[in-house]
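Input: a single structure, listed below in C-alpha cells.
Just so you know, all these numbers are worked out from the coordinates, no wet-lab data involved. Just so you know, these numbers come straight off a predicted model, no measurement behind them. Note that each Cβ is placed from the backbone with ideal geometry, even for glycine, and that neighbours are counted across all protein chains shown.
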C-alpha cells in the first residue's frame, strides 16, 4: 500500500503583499531568527545555515538557508524528505518608479489546501505588518 502523500499533488504558491516600511526593517523581519519569531513562527533557532521553525501547535520544520542577499532575498530549502524540492522564499521588491515596496512569498501546498495556505499567509503577513507598525 502506497502512502497517500505520494499521490498528493503539490503546487507552488506565489503571494505578493504591499508593505509600508523601510527595506532595512522588512529585511530584518524575514532574515533574522528574532525577526522571524515575531510573526512567522513562535520559535526560530539557527545552527550554521540550518533553521528550525516551531509553532504553538507543536509543528516543527527544518530548513537550510540557501540564499541570503542583503535587503533583497531570503530562500530556505525545506528539509522534509516527503517534499525534497520545496522551498520557502521571501523577496523584497521595490518599484524603481513609484518606490512602492512589496513582499513576495513563494511556498508550496497540497493542491486541495492551496486556498487555505493563502489565508494562512495573509494572516501571517498581517502579524508582520502589526509588528512593523505598517
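Pick from 18, 33, 84 the residue whose mean-square fluctuation is largest in a GNM of the chain, springs joining Cα atoms under 10 Å.
Evaluated over the chain, the most mobile residue of the options is 84.
How would you rank 67, 130, going from fewest to most other Cβ atoms within 10 Å of each one's own Cβ? Each step should come with its number before you reach the end.
Details: 67 14, 130 11.
So the ranking, lowest neighbour count to highest, is 130, 67.
Under the rule of -39500 (n - 2.57) per DSSP H run of 4 or more residues, summed and divided by the residues of the chain, what mean residue ellipticity at 222 nm is obtained, to the nearest 500 deg cm²/dmol? The partial results should precede the final answer.
Working: 4 runs with 39 residues, N = 134.
My calculation for the chain gives -8500 deg cm²/dmol from helical runs alone.
Stretched out fully, how many nm does the piece from residue 43 to residue 85 gain, at 0.36 nm a residue minus the Cα gap? Let's see the in-between values first.
On the way: separation 42, 0.36 × 42 = 15.12 nm, distance 2.41 nm.
12.7 nm is the gain from fully extending residue 43 to residue 85.
Rounded, prolate or oblate, given the Cα gyration tensor of region 67-134, with a/c below 1.5 counting as rounded?
It is oblate, given that a/c is not under 1.5 and a/b is not larger than b/c.
Could you give the length gained by full extension between residue 34 and residue 122, i.e. 0.36 nm per residue of separation minus their alpha carbon distance, to one decimal place?
Stretched out fully, the residue 34 to residue 122 stretch lengthens by 29.6 nm.
Taking the 0 to 90 degree range and rounding to the nearest ten, how far is the long axis of helix 114-132 tilted relative to the main principal axis of the chain, both from C-alpha atoms?
It works out to around 30 degrees.
Identify which of 119, 103, 26 has the largest mean-square fluctuation in a Gaussian network model of the chain, with springs joining Cα atoms closer than 10 Å.
Sorting by GNM fluctuation, first place goes to 119.
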